[in-house]
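Asker: Okay, handing you the structure first.
Readers should treat all values here as calculations from the given coordinates under stated rules, not as data from a laboratory. Because the structure is a prediction, the values reported are computed rather than measured. Glycine also receives a Cβ, built like all others from the backbone with ideal geometry; neighbour counts cover every protein chain displayed.
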Amino acid sequence: MSRALASRVIDSAEIGYLRQAVAVADADVRKLFHDPLELFARLVQPTLWLVVFGQVLNRSRAIPTGGISYLDFLCPGVLAQSVLFGAIFYGISLIWERDLGIVQKFLVSPAPRSALVLGRALSSTVRGLCQAIFVYLLAFGLGIHVRLGVVDFLGVALAVMFGAAIFSTFSLAVACLVKSRERFMGIGQVLTMPLFFASNAIYPIAMMPPWLALLSRANPLCYQVDALRALMIVGGGSTFGVARDFLMLAISFLLTLAVASKLYPNIVT
């Protein structure tokens, strides 16, 4: 086989892989737009955090935020939190679809398991971007100083997509292991609080005790918030560096994608 022919075969395989992943994502996104109530319900939480919690702490000035207001400091953390809370329970849809026999139909298709998982991760990013649009609108209404550059918007979108993809694939892996809606909900609730509070979403890492600061460096949410704060807020800075933030997010996504792809067939056993 010549190099040119081999290259065309590889390109064709990659295109087919992406088409399969996009087809899975399209099916999930269609369900979202046919029933957007779930998405609207998730907008309540960021509203409460910014309008109530953020306004109160902004007056107290109890948390050092590096020269920006606490409301400005909190906004990227609230966006990351809303993406986390939306994605971490994403796996329950997999359990529902298994009970309805939909997952079995996907598994007998020739699509690689990683393409099925990637498709679900892509659909989760659409939810995350919808939440990001709402948080931006809320930030404008509250007078939060957000950056308006095109590059900044693209960077924020990429950070949101990474966060949604990481936590949705992690959620799918958990769903493959527990296989029960009741157990999944319990585990999801147990996981969200440690992930959220062991991050820099509502307070800087400098305020954490040393053991918690060390743990936070293994938390993907911490890097997502750090990137969002640097790209989203005027005067906001990055603790780790934006390039390192995205590198850690990419590594985290590849790990959760690999684990979820390995466990995916177990959902029906």
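Asker: Whole-Hz ³J(HN,Hα) for each residue in the stretch 134-146, computed from phi via Karplus 6.51 cos²θ - 1.76 cosθ + 1.60 with θ = phi - 60°, x for glycine and proline: what do you get?
Answerer: Once θ is set to phi - 60°, the couplings for the stretch 134-146 become 5, 5, 4, 4, 5, 5, 4, x, 8, x, 6, 7, 9 Hz.
Asker: Something else: For a footprinting-style exposure proxy, rank K179, K262 by other Cβ within 10 Å, fewest first.
Answerer: Numbers: K179 17, K262 14.
Going from least to most buried by this count: K262, K179.
Asker: Place a +1 charge on the Cβ of each Lys and Arg in the chain and a -1 charge on the Cβ of each Asp and Glu, then give the dipole magnitude about the Cα centre in debye, rounded to the nearest 20. Show your work: numbers first, answer last.
Answerer: On the way: 21 positive and 13 negative charges, 68 e Å.
Roughly 320 debye, rounded to the nearest 20.
Asker: Please list 74-83, 127-136 highest first by mean number of surrounding beta-carbon atoms within 10 Å per residue.
Answerer: Values: 74-83: 28.0, 127-136: 20.7.
Packing proxy ranking, top to bottom: 74-83, 127-136.
Asker: Tell me, what ³J(HN,Hα) does each residue in the stretch 59-70 have, in order and in whole Hz, if you take phi through Karplus 6.51 cos²θ - 1.76 cosθ + 1.60 with θ = phi - 60° and put x for Gly and Pro?
Answerer: Running phi through 6.51 cos²θ - 1.76 cosθ + 1.60 with θ = phi - 60° gives 7, 6, 6, 8, 10, x, 10, x, x, 10, 5, 5 Hz.
Asker: Between S124, S114, S93, which gets the highest mean-square fluctuation from a Gaussian network model of the chain, Cα cutoff 10 Å?
Answerer: Largest GNM mean-square fluctuation: S93.
Asker: Something else: Relative to the longest principal Cα axis of the chain, at what angle does helix 220-232 sit, 0 to 90 degrees, rounded to 10?
Answerer: 60
Asker: Further, regarding this structure: What does the helix-only formula give at 222 nm for the chain: each DSSP H stretch with n ≥ 4 adding -39500 (n - 2.57), the total divided by the residues, and the result rounded to the nearest 500 deg cm²/dmol?
Answerer: Value at 222 nm, helices only: -24500 deg cm²/dmol.
Asker: Also: Which residue fluctuates the most in the chain, going by a Gaussian network model with Cα springs under 10 Å, if the choices are P220, P46, P112?
Answerer: Between P220, P46, P112, it is P112 that shows the largest mean-square fluctuation.
Asker: Let me ask something else about it. If r is the Cβ-Cβ distance from Q104 to R59 and R0 is 41 Å, what FRET efficiency results, to the nearest 0.05? Don't skip to the answer; put the middle values down first.
Answerer: Details: r = 55 Å, r/R0 = 1.34.
Here the calculated transfer efficiency is 0.15.
Asker: Which angle between 0 and 90 degrees, to the nearest 10, do you get for helix 3-34 versus the longest principal axis of the chain when only C-alpha atoms count?
Answerer: With both axes taken from Cα atoms, the answer is about 60 degrees.
Asker: Towards the positive end of the charge dipole of the chain, with charges on Cβ (+1 Lys, Arg; -1 Asp, Glu), say which of L142, G128, A21 has the farthest Cα.
Answerer: Towards the positive end, the residue furthest out is A21.
Asker: While we're looking at this one, here's another question. Mean-square fluctuation check for the chain, GNM, Cα pairs under 10 Å: which of F33, F240, F196 is largest?
Answerer: Highest fluctuation of the listed residues: F33.
Asker: Let me ask something else about it. On a full-extension model of 0.36 nm per residue, what is the gain between A27 and V234, subtracting their alpha-carbon distance, rounded to one decimal in nm?
Answerer: Once the chain is fully extended between A27 and V234, it gains 70.8 nm.
Asker: So for L263, L254, fewest C-beta neighbours within 10 Å to most, what's the order?
Answerer: Working: L263 17, L254 12.
Fewest-to-most Cβ neighbours within 10 Å comes out as L254, L263.
Asker: Among R98, R244, R61, rank each residue by its count of other Cβ atoms within 10 Å, from fewest to most, as a rough exposure measure. The partial results should precede the final answer.
Answerer: Numbers: R98 17, R244 14, R61 10.
Fewest-to-most Cβ neighbours within 10 Å comes out as R61, R244, R98.
Asker: Quote the Stokes-Einstein diffusion coefficient, in whole µm² s⁻¹, for the stretch 3-268, based on the Kirkwood radius over alpha carbon pairs, a temperature of 25 °C and a viscosity of 0.890 mPa s. Could you put the intermediate results ahead of the total?
Answerer: Values: Rh = 19.3 Å.
In µm²/s, the coefficient is 127.
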